[in-house]
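Asks: Below are the structure tokens for one structure; questions will follow.
Computed from the coordinates by the stated procedures, all read-outs in this text should not be read as laboratory data. Everything numeric in this text was worked out from a predicted model, so none of it was measured. All Cβ positions, even for glycine, are placed from backbone atoms using ideal geometry, and neighbour counts span all protein chains on display.
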Amino acid sequence: MRTLVIGLDCAAPEILLRDGRLRHLPQLMSRGCFGRLESVIPPITVPAWMCMATSQDPGSLGVYGFRNRTAYTYDGLGVVTSQSITAPAMWDSFGTSGRQVAVIGVPPGYPPRRVNGVSIGCFLTPDPARTEFTHPTQIKQTLRDLVSEYPVDVSGFRTDDKAWLKDQIYEMTRKHFLVVRHLMKTMNWDYFQFVEIGLDRIQHGFWKYHDRLHRQYVPGNPFEDVIRDYYVYLDEEIGETLQLIDDRDTVLVVSDHGAQRLDGGFCVNEWLTREGLLTVRERPASPAPLKPANVDWSRTRVWSEGGYYARVFVNLEGREPCGIVPRREYEPLLDDLTARLEALPNDRGEPMGTRVFRPREIYRQLNRIPPDLIAHFGDLYWRSVGGVGYDDLYVQENDTGPDDCNHAQFGAFVLSAQNLRLRGEIADMHLLDVAPTLVDLAGRDVPSTMQGRSLLRRD
């Protein structure tokens, strides 16, 4: 029995599990179980895929997003690499006793992991033409022979040229599946996992054309069906891929999180300045990133990093270089910040519905340097804009380029296995349950480091 994991980054359950035009996924659903899959907090590609693979939460991994503080300084943000993850992953359980595994495009996947088999870097690979992003290195030549230039991502996917973007995503995905099926045919694999990033890119680029509740949706626009058509295309690629396995194999189609409309951006550092919690030395004449050198740290109690969610940091005395918040005020300040953030209205004066989390309350461990608070503005219908110099707290433009959607807390899964008795739609499946379930289905001992629960052990 082999295990195949087909990862679809950002797959939305309301489409993946409900679109009547899909042919192959419903067949897989009829042979097993499926449902919504609750992601971690925050539901971000990094660290979510590795939380799934290790069955450890972000705090335990010490990875809270794409960029993390590397020291208690004001400018020490480091980009996550595959070497940032030290916990054992589920493919480690499979790649023993001479058995081969393939791990393709699983973020963070650069530098390539040295697995017993094949690994290929993810979209975080800096430049596939100039860097070694495969293990073993000779696989890079195999990719060239198959597809010429292997695309780890669509460079410049945050663009207003939507026709170009659509074509590039399809071309990238076609090449990815061509490589996947070649390796499935030529390797003697026991475990095979790949992640297709194209779905994430097409949803960030086209969601406003697709979602009738999106503020910028225009009925009858020429890109209205792009997203759902791409799901149909993925379904066909998956169907062709499933022809390479048999009924004894375990198959999981899974996403790291879902997708939902983006109503706008909330300028969190601009808000902190107006609340008297952050002081800049010179206000920019126009919106600009918050630069540590322009912050008066002697008068700043709180600052934040932007992104799909907000990481909020306290300028704590004895911890940060110029910390001014006494230890005795730390907890009351977090309480106050939480209350103020959760009470925020949206741009229409309605309750925004922001959710604020304390890392120590949602994670089993806190490794490396966690944020003091995590904020999902508008329950992720609003993103966090980290710049300053804005005239308004609410903006429609994105500080990193055009973006139509945010991540949703629930992704999706479809699981079929010979020894799985569960059938139909099930609830309460969590991202951390994936690894112990797959290891358990393979008849292996679930490592004690895994925090989730195998579906086979449900009461």
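Asks: Using a cut-off of 11 Å between beta-carbons, work out the net charge of the residues near Asn398 (Lys and Arg +1, Asp and Glu -1, Asn398 not included).
Replies: Surrounding charge for Asn398 is -2.
Asks: On to the next question. Name the shape class, rounded, prolate or oblate, that the alpha-carbon gyration tensor gives for region 413-459, where a ≥ b ≥ c are the square roots of its eigenvalues, rounded holds for a/c under 1.5, and otherwise prolate holds if a/b is larger than b/c and oblate otherwise. Mind showing how you got there, number by number?
Replies: Numbers: a/c = 1.95, a/b = 1.29, b/c = 1.51.
Since a/c reaches 1.5 but b/c is at least a/b, the shape of region 413-459 is classed as oblate.
Asks: Still on this structure: Ratio of the chain's C-alpha Rg to 2.2 N^0.38 Å, to two decimals?
Replies: In units of the globular-protein estimate, the chain measures up at 0.99.
Asks: In region 264-402, what % of DSSP beta bridges are antiparallel (nearest 5)?
Replies: Details: 16 of 21 bridges.
Around 75 percent of the beta bridges assigned by DSSP in region 264-402 are antiparallel ones.
Asks: DSSP beta bridges in the chain, what fraction antiparallel, as a percent rounded to 5?
Replies: Here the antiparallel bridges make up roughly 55 percent for the chain.
Asks: Give the residues of region 234-264 whose amide nitrogen is closer than 15 Å to a point set 7 Å from the Cα of Asn419 in the direction of its Cβ.
Replies: 248-251
Asks: A further question follows. Please compute, over every Cα-Cα pair in region 264-402, the percentage with a separation greater than 21 angstrom.
Replies: When all Cα pairs of region 264-402 are counted, 40 percent exceed 21 Å.
Asks: Leaving out same-chain residues fewer than 8 places away, which lysines sit with a Cα under 19 Å from that of Lys140?
Replies: Lys175, Lys185
Asks: Where does the chain land at 222 nm, in deg cm²/dmol rounded to the nearest 500, when only DSSP H runs of n ≥ 4 count, each adding -39500 (n - 2.57), divided by all residues?
Replies: Only helices count here, giving -8000 deg cm²/dmol.
Asks: Relative contact order for region 264-402 using alpha-carbon pairs under 8 Å, separation at least 6, rounded to a whole percent? Provide the component values of the computation, followed by the final result.
Replies: On the way: 265 pairs, mean separation 52.5, N = 139.
Relative contact order, region 264-402: 38 percent.
Asks: Taking amide H atoms as placed 1.01 Å from N in the peptide plane, list the residues 5 or more away in sequence, or in a different chain, whose amide H sits under 5 Å from that of Gln56.
Replies: Those qualifying (amide H under 5 Å, at least 5 residues apart or on another chain) are Gln451.
Asks: Right, another one. Taking the Cα centre as origin and putting +1 on Lys and Arg beta-carbons and -1 on Asp and Glu beta-carbons, what dipole magnitude results for the chain, to the nearest 20 debye? Working shown, then result.
Replies: Details: 52 positive and 61 negative charges, 203 e Å.
I would put it at about 980 debye.
Asks: What whole-number distance in Å separates the alpha-carbon centres of region 385-454 and region 241-292?
Replies: Region 385-454 and region 241-292 have Cα centres separated by 15 Å.
Asks: Quick one, what does Rg over Rh come out to for region 191-350 if you take C-alpha atoms and the Kirkwood Rh?
Replies: When Rh is taken as the Kirkwood radius, the ratio is 1.13.
Asks: Based on the mean of other beta carbon atoms within 10 Å per residue, what is the order of 443-453, 387-397, most packed first?
Replies: My ranking of the peptides, most packed first, is 387-397, 443-453.
Asks: Give the span of region 98-243's Cα atoms along each principal axis, as three whole-Å numbers ordered largest to smallest.
Replies: Dimensions of region 98-243 along the principal axes of its Cα atoms: 55, 34, 24 Å.
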